[in-house]
Amino acid sequence: MKHVKQLWFVLLAVMMMAGCTSKPEGYVIKGTVVGMTEGKVFLKSFRNKMFFDVDTAEVKNGQFTFEGKVGQPLLYGLETETMSSPLQFFLENAKMEIEIFSDGDSLHVKDSKINDLFLGIAQKATDEGYNIDSLVTKYPASPVAAFYLYRYFTYQLPLDQLKATRAKLAPSLASCPYVTDLDGIIQRLENVQVGKAAPAFTLPDTAGVPVSLSSFKGKYVLVDFWASWCPYCRRENPNVVRVFNEYKDKNFTVLGVSLDKDKAKWMKAIADDKLAWTHVSDLKYWDSEIPALYAVRGIPANVLLNPDGVIIARNVMGEQLEQALQKELNK
């Protein structure tokens, strides 16, 4: 009997230790807002360049709490009522201590390896010339590496290089949405390379009348992806206007495809920038199916089509647009 009791105590001790060391089933965020004592904090999920509300917490004496569960570590955001955009971090099923600043300047996650990596390269990853391949090579199983490749480099890298870097991601990330979305983008990029027939589409114009790309057959067409809210697009518009005015009588036109969501702002930008060509949009912002069809991940972006509807150039900006057009017209 003595041995049975001893065995029971040993088993009980093992069970208690296992309970103390087991991984939590969900997440618990214990947060602090520096510079704010009362108010609200919003937890937001990230999808396709956009953030969506998931949960709301009351701030009391500068403290807030969120509890829940995620299927895998993914990018989320925290935002107060006074911030203009969410502060980003990776949410995982763990006890997380997070400090944010009410002015939206910064966020700190205590003792989180995944966020040490994510936040540690947040500024560098968007710098020109950043070597994303080295990040993926060093952290092939990290969703952080997959995120940065998907988010910032699908429109920067040549297709062959993008595919080669994607191939280095570990099989364990197969179900990660950044990887599955990346694979879809690569597949669509295959369909919009120079020499391919431009994918067909139909969208409503500014009056709500359906316009099909096929109606432009017989002309050189610049399919121009832009938006009123995009400062880089607005800076490129004068160049497109100049080329349009110079070549509109030489079998050339422009079809503007907007990623706007506010019709009034879209119409105002067309008028302000003097964009005197056909414009179409479904006003679905980044959820629009047509930019996705053309694997557009950043704007401005464009494809130049010959009269047969075949892509002859991609993402030609500034003087490159006129040079590409002159090359075709001089054949």
### Task
Kindly provide the set of residues from region 217-241 that are without any contact (Cβ under 8 Å) to a residue 60 or more places away in the chain and not hydroxyl-bearing (S, T, Y), ordered by number.
W229, P231, R234, R235, N237, P238, V241
### Query
Restricting attention to region 160-169, and to residues there that are part of a helix (DSSP H, G or I) and under 14 Å from D181 (Cα atoms), which single residue is farthest from the chain's Cα centre (by Cα)?
K163
## Note on the structure
In region 246-267, anything farther than 17 Å from Y285 by Cβ and part of a helix (DSSP H, G or I) is listed as E246, Y247
### Task
Taking S134 as meeting all but one of (1) surrounded by 13 or more Cβ atoms within 10 Å (Cβ to Cβ); (2) modelled with pLDDT of 95 or more; (3) within 27 Å of H108 (Cα to Cα), write down the number of the exception.
(1)
### Query
Does T180 satisfy the criteria of being under 27 Å from V240 (Cβ atoms) and among the β-branched types (V, I, T)?
no
### Message
If the requirement is being in contact (Cβ under 8 Å) with a residue 12 or more places away in the chain and in a helix (DSSP H, G or I), which of these qualifies: L157, L149?
### Response
L149
### Query
What do you reckon, is A122 assigned to a loop (DSSP other than H, G, I, E, B) and either surrounded by 15 or more Cβ atoms within 10 Å (Cβ to Cβ) or within 16 Å of the chain's Cα centre (by Cα) (or both)?
yes
### Task
Name, by its number, the condition in (1) assigned to a loop (DSSP other than H, G, I, E, B); (2) surrounded by 15 or more Cβ atoms within 10 Å (Cβ to Cβ) that does not hold for N115.
(1)
### Condition check for I132: within 25 Å of L43 (Cβ to Cβ) and β-branched (V, I, T)
no
### Message
If a residue must be assigned to a strand (DSSP E or B), over 23 Å from the mean Cα position of the chain (by Cα) and either of a type in the set (S, T, N, Q) or surrounded by fewer than 13 Cβ atoms within 10 Å (Cβ to Cβ) (or both), how many such residues does region 52-93 contain?
### Response
6
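The values are calculated or read from the model by the stated rules, or taken from the named source; none is laboratory data. Please read all numbers here as calculations on a predicted model, not as lab measurements. With ideal geometry, Cβ positions are generated from the backbone for all residues, glycine too; neighbour counts draw on all protein chains shown.
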